[in-house]
Structure formats: structure tokens, C-alpha cells
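A quick write-up on the structure given underneath.
Each value in this text was obtained by applying a stated rule to the coordinates, not by laboratory testing. Nothing here was measured: the structure is a model prediction, and the numbers come from that model. Ideal geometry is used to build each Cβ from the backbone, glycine not excepted, and the neighbour counts take in all protein chains shown.
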Amino acid sequence: MYLAGEWASDPFRHNKPRCWRREKTQRQENELPIAEMFLSVQGEGINAGTPSVFLRTYFCNLTCSWCDTKYTWLNQDASRSGIDYQPMTADAVYEKVMAYGCKHLVVTGGEPLMHQRALLPLLSALKKAGVSVEVETNGTLEPSAEMVEVVECFNVSPKTSNSLVDARLRTRRGPLEAFSRNRKAWFKFVTSDSHDIDEVEELISAYGLPRDRVMLMPEGIDAEALLVKSRWLVDVCKERGYRFTPRLQILLYGNRRGT
Ligand code: SF4
């Protein structure tokens, strides 16, 4: 949830789910709204192929048209604890993560940085237990210094206009410039066509994103479409010096929950 004073100073607070304030008062401060937890391999980004526990939080501050996890936000204005998500304490999540016996955790969403206050003690304890933590974020919220300390890697995925989200909501200067300065952050763009590549170039210039930490990922939610776009995108990466990242979970399992 928000850190002290963040709500009042957030110009986008009116775009948050209507249940936001109610949620804050009804749930305990250290509880997390969990959409799902499962063991798989990371399918995207710099850690692709790494066996990982996935911790997926509920709620998102964006509404991307091609989102493959709409179940984390589509009903969020009317969401019900225990039905749309499970409220779990940090201790309960910690026990469950450790029970998998896997030393890499991917915290994803939704937008997990909406829950920094509850995440911080959990991630600190996991780090002390030797678990490396990766956070996937849409890049609209800045992590606190304490979060940066305990997180091994940020998988930042700023959205372009293909998301059909208003530019003022999806690109925020403060967080993007902070991630640019942070060597733990990698930038991943969902890419569909050459227009998207032009937008990536514009974002790199506008926010000083480090080109050597930019990755392009094909858009697509079935293996066939993804392979066609991957072949095109690999050529783009060769020409322009970006990294390519696959979307292994779609290639292996299709667009299914828990993979
Ligand atoms: S930011 Fe991520 S989780 Fe939220 S709508 Fe966009 S793709 Fe989905």
C-alpha cells in the first residue's frame, strides 16, 4: 500500500480502484492481497529460464488492453477479500515461499509496488534466508530505498501506446528516471510492430533509459503468433543493439494461470 503521505501527494490517486481506501482500513497493514502463488521458471527478462516461485499480488493502477493477467484487476472496484484474492500475512507468505525450496522469488501482479509497505518485511526476511528477489513492475511507482536494498532485480515494463492507456498514467518521469539510475533495473517493452520501436526510442531519449538494459519482448498470447513476432523482433534487436527476451510461459503453456 502507500507509504506515509504518498496518497495525498499522488496526482493519480483518483485513478486508483474505488475500493482502495476501504481496503486500507479493512485489511491489516502487514497483509498482502494474493492472486496466486506457484512454482515455475521465469519466462521473461534477464532471469528467463530461472526456476522461480511466483507471488502474484492483486490490484493494478493501469488497464492495459493486451494484459495477460486481467484477473488481477478487471473486477478490482468490486473485489472481495477471500474470493478475488486471498489476504495473507507476510509470515504466511514467507512460510509458503520457503516450503517450495526454491531460491528465486518473482514478485509480480497486477502492480506489486502498490503494496510496498507490506512487502518490505517479507522481502527482507527472504533475503536473509538466501532467497533472491525479482520484482516485476510497470514503472509508474518508485520503490523506496529500503525496497531497492532488498531486491536483487527490477523487471520494469513501461507501457507504450499499444496498451491503450493514457500516456500521463503509463509514463511517469520520477519513477522512470529513478529506475534508469538504478543498475538493478532492466527495462522490458512489449513490442508488436515498428511503431512500437519508434516509441521505445522516444522513451529512451525522454527518460534517459540505458540502452544496454533495454529488452524487447514480442506481444502475443499464443505460441504461433509469438514465434512470428519473435523472428521479426530478433532482427530488430540485431540491427539496433537491444536485447531480446522470449515469453517462455506462453510458448510452453499458452496463456494459462499458474504457469
Ligand atoms: S500494468 Fe501489467 S498487470 Fe497492470 S494492466 Fe498492464 S500488463 Fe496488466
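As a quick test, which of the pairs K70/K238; K159/K229; K159/K238; K128/K159 have an alpha carbon distance above 24 angstrom in this structure? Listed pairs above 24 Å: K70/K238; K128/K159. Normalising the average separation of contacting C-alpha pairs (under 8 angstrom, six or more residues apart) by the number of residues puts the relative contact order of the chain at 18 percent. The label point for E152 and the one for L252, both projected 7 Å from the Cα toward the Cβ, are 1.7 nm apart. Dividing the convex hull volume of the alpha-carbon atoms in region 166-236 by its residue count gives 102 Å³ per residue.
In the chain, the C-alpha radius of gyration followed by the widest Cα-Cα span (Dmax) gives 17.5, 52 angstrom. The mean of 1/r over all pairs of different alpha-carbon atoms in region 106-259, once inverted, gives a Kirkwood hydrodynamic radius of 16.4 Å. The angle between the Cα long axis of helix 194-207 and the longest principal axis of the Cα atoms of the chain comes to about 60 degrees, rounded to the nearest 10. Just to confirm the filter: which trypsin sites (Lys or Arg not before Pro) across region 144-204 are DSSP coil and have at most 13 other Cβ within 10 angstrom of their Cβ? In loop regions of region 144-204 (DSSP not H, G, I, E or B), the sparsely surrounded trypsin sites (Lys or Arg not before Pro) are R183.
A convex hull fitted to the Cα coordinates of region 63-150 yields 113 cubic angstrom per residue.
Charged neighbours of E36, selected by a Cβ distance under 12 Å, balance to +3 (K, R count +1; D, E count -1). Across region 34-91, Cα pairs under 8 Å and at least six residues apart give a relative contact order of 34 percent.
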